[in-house]
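Student: My questions all concern the structure below.
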Amino acid sequence: MKKEIRIINGETDEEELHELPAKYEVCDRCLGHGVHDHPAFNGITMSEWEEWDYDDRENYMNGAYSVTCTECEGMRVIPVVDEKFLTKKQKEIYEKWLEEKYYDACYAAEVAAERAMGA
């Protein structure tokens, strides 16, 4: 099995597609259930929970507001790079991809913080 990853070529600024050896692991978004809470539920406080009537609480607990997992699309597992089968070149590509993901996540967190402060 292969996992496709995309990285930016530093010389041409073009996106490159690479296929790396992969294995399946339980999806960390839905923990293998194939569904998760609707994104509109950004946590429920105890006071909000107390405002709900019995039927709403029951529906929530039975998954009536759940949606198909956005990460695994309901498959309950996702392909992840299997590092033990990477060649030296593939390892370099994978490390660059991880670095890009890290910087993307940092940028997204910074943007979210700025929005929260009204910027």
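The values are calculated or read from the model by the stated rules, or taken from the named source; none is laboratory data. Computed from a predicted model, the values in this text were never measured in an experiment. Neighbour counts run over all protein chains shown; Cβ positions are idealised from the backbone, glycine included. Just so you know, the surface numbers come from the protein's heavy atoms only, side chains and all, with ligands and any DNA or RNA stripped out. Shrake-Rupley method; radii C 1.70, N 1.55, O 1.52, S 1.80 Å.
Here is a yes/no grid of residues against (1) in contact with a Cys (Cβ under 9 Å, 6 or more places away or on another chain); (2) part of a strand (DSSP E or B); (3) open to solvent by less than 90 Å² (accessible area, probe 1.4 Å); (4) at pLDDT below 90:
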| site | (1), (2), (3), (4) |
| --- | --- |
| Ala40 | no, no, yes, yes |
| Ile44 | no, no, yes, yes |
| Trp49 | no, no, yes, no |
| Asp55 | no, no, no, no |
| Val67 | no, yes, yes, no |
| Cys72 | yes, no, yes, no |
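Student: Return yes or no: is Glu4 without any contact (Cβ under 8 Å) to a residue 60 or more places away in the chain, in contact with an Asp or Glu (Cβ under 8 Å, 6 or more places away or on another chain) and surrounded by 10 or more Cβ atoms within 10 Å (Cβ to Cβ)?
Tutor: So Glu4 fits the description; yes.
Student: Quick one: in the range 15-34, which of the residues that are surrounded by fewer than 15 Cβ atoms within 10 Å (Cβ to Cβ) and of a type in the set (A, V, I, L, M, F, W, C) is nearest to Lys96 (Cα to Cα)?
Tutor: Filtering first and then ranking leaves Leu17.
Student: Checking the condition polar (S, T, N, Q), loosely packed, with under 10 Cβ neighbours inside 10 Å and under 25 Å from Glu99 (Cα atoms), which residue from Thr87, Thr12 passes?
Tutor: On the way: Thr87 fails: loosely packed, with under 10 Cβ neighbours inside 10 Å.
None of the other options fit; the residue is Thr12.
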